[in-house]
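K.L.:
Let me give you the structure first, and then I'll get to my questions.
Each reported figure results from applying straightforward, stated rules to the coordinates on display, with no laboratory input. In this text the structure is predicted, and so the values were computed from the model without any measurement. As a convention, Cβ positions derive from the backbone with ideal geometry for all residues, glycine included, and neighbour counts pool all protein chains shown.
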Amino acid sequence: MSQDLSEAVKEATREVHSQAENSEFMKNFQKGQVTREGFKLLMASLYHVYAALEEEIEHNKQNLVYAPLYFPEELHRRAALEQDMAFWYGPRWQEVIPYTQATGHYVRRLREVGRLEPELLVAHAYTRYLGDLSGGQVLKKIAQKALDLPGSGEGVAFFTFPNVVSATKFKQLYRSRMNSLEMTPEVRQRVIEEVKASFLLNIQLFEELQELLTRNTKDQSPTKAPGLHRQEGSRAQDSTPTETPGGKLPLNILSQVPLVQWVLTLSFLVATVAVGLYAM
């Protein structure tokens, strides 16, 4: 007897699944080391991903290659994410939520699959929905504690599945539906490979979010304070000689500056450095 699709997928993605769970962003999240900015970025990315995924599912809900897995009332996350977007970004959230490069890459793949290879929606739905059901409640509690969110659920509606009474039983049902799908060996293998690809898309998303947060932290360090940076930029702009159309400074620029001006400029620079050292 051939191996069930759900078991084959689980076995084939064991390594990449571990990579996703052990990404720096997710490890920090699981430790409770999550900031409001990081959480907002994550939720915005998930909104874009689920909006694309569920639009493609709706387009293919009657297609036999996906129809048995159509559980909009139990699983779909877009409406919940819209509530979370309003909480985190305000009433005009659609105009201001970020759309990162990795998010765009993920969304484009979902659009391609829905339009050209709808059977591969099985892979993306499996990765996202079953993953959310498995770890959603744990991550919800971590976020509520770390970010001091209200216990009533504002800001974390995404993690709540009100129409799933038992996550364990529902996942069993979902896997049995997966296993009942009629697929040729070729299509089956493509689904398995697409599940791996979907995990990689999530890993790229986590890595990008971590990079953005790290970059923002560095930008706010004392040596790169926004005010100091602006002052330096303003001074440099005021004192920079005019460039030629080719972008290079004139070769005879030094000869055009009077000696007295150079002496005064040097004295000013020495005085400026002295004041800076004293202030430190």
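K.L.:
Between K145 and N179, what FRET efficiency follows from the Cβ-Cβ distance if R0 is 35 Å, with the result rounded to 0.05?
P.N.:
So, using R0 = 35 Å, E works out to roughly 0.40.
K.L.:
Could you sort out which of K145/K196; K27/K61; K40/K141; K10/K145 sit more than 26 Å apart by Cα distance in this structure?
P.N.:
Violating the 26 Å Cα-Cα cut-off are K145/K196; K27/K61; K10/K145.
K.L.:
So, one more: Taking the Cα centre of region 101-223 as the origin, how large is its charge dipole in debye, to the nearest 20, when only Lys and Arg (+1) and Asp and Glu (-1) carry charge on their Cβ atoms?
P.N.:
The dipole of region 101-223 has a size of about 320 debye.
K.L.:
First select every other residue whose beta carbon is under 10 angstrom from the beta carbon of A12; then total the charges, Lys and Arg +1, Asp and Glu -1.
P.N.:
Here the charged neighbours net out to -1.
K.L.:
How much length, in nm to one decimal, is gained on full extension between R111 and S134, taken as 0.36 nm per residue of separation minus their Cα-Cα distance?
P.N.:
5.7 nm
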